[in-house]
Amino acid sequence: MELTQIRLLVSDFPAVYRFYRDVLGLKPQFEAESGPYAKLSPDTGHAAIALQDRAQMAGMLGRLGAEPVGYRALVVLRVEDLDATHAELTSRGAGFTRDPGPMGERMRVAYLEDPEGNLIELQEWLEVREQAGSTPTSEG
């Protein structure tokens, strides 16, 4: 078995698509701002986030009617410099629910939500940076 993507079922497809493309800076495999499906990836790695229109999926399955309550997904993105990424995304209009801070001794995280309330965690792996010969700094 191989994981190919995380797919979020969304109601306002254009708003969520623009958020992942324009605010987070993920690259779409093809332009599909009006939906009903898109797949976006970061510059590095093989992971992808797919978006699918909730109404279209409901029509295909005939049973996804109600909107979810609370967080239904968590998208995790690793970044090299959390403070620099936080500043860049804030300048693009992202509102964070938790600013950068420690999560244990080996990681720093920050949280924000997309336009439909899906939770996004940005991670900076401190131990990986230290092993590579550099130390974490607050410089951006």
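Numerical summary
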{"quantity": "Wholly enclosed strands (runs of 3 or more DSSP E) of segment 66-140 bearing at least 1 residues modelled with pLDDT under 85", "calculated": "74-78"}
{"quantity": "Positions within segment 40-63 being surrounded by 15 or more Cβ atoms within 10 Å (Cβ to Cβ) and within 17 Å of Leu122 (Cα to Cα), in sequence order", "calculated": "Leu40, Ser41, Pro42, Ala47, Ala48, Ile49"}
{"quantity": "Selection status of Ala32, farther than 16 Å from Glu116 by Cα, assigned to a loop (DSSP other than H, G, I, E, B), of a type in the set (A, V, I, L, M) and within 16 Å of the chain's Cα centre (by Cα)", "calculated": "no"}
{"quantity": "Positions within segment 85-103 being hydrophobic (A, V, I, L, M, F, W, C) and touching a Phe, Trp or Tyr at 6+ places or on another chain (Cβ under 7 Å), in sequence order", "calculated": "Phe96"}
{"quantity": "Scan of segment 35-45 for residues that are of a type in the set (D, E, K, R) and assigned to a strand (DSSP E or B), ordered by number", "calculated": "Lys39"}
{"quantity": "Contacts under 7 angstrom Cβ, first residue in segment 77-92 being touching a residue at least 40 places away in the same chain (Cβ under 8 Å), partner of a type in the set (S, T, N, Q) and outside any strand (DSSP E or B), 6 or more apart", "calculated": "Val79/Thr85; Asp83/Ser138"}
{"quantity": "Residue match in segment 16-39 (condition: buried (at least 16 other Cβ atoms within 10 Å of the Cβ), at pLDDT 95 or above and of a type in the set (Ser, Thr, Tyr))", "calculated": "yes"}
{"quantity": "Residue list for segment 1-29, restricted to those being part of a loop (DSSP other than H, G, I, E, B), under 22 Å from Leu112 (Cα atoms) and of a type in the set (A, V, I, L, M, F, W, C)", "calculated": "Leu24, Leu26"}
{"quantity": "Near pairs, Cβ below 7 angstrom, 6+ apart or cross-chain, from segment 104-127 (free of Cβ contacts under 8 Å to residues at least 60 places away in the same chain) to any residue that is polar (S, T, N, Q)", "calculated": "Met107/Gln123; Val109/Gln123; Tyr111/Thr97; Leu112/Thr97; Glu113/Thr97; Leu122/Thr85"}
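The values are calculated or read from the model by the stated rules, or taken from the named source; none is laboratory data. Predicted, not measured: the structure shown is a model, and the values here were computed from it. Don't worry about glycine lacking a Cβ; one is built from the backbone with ideal geometry, like all the others, and counts go over all protein chains shown.
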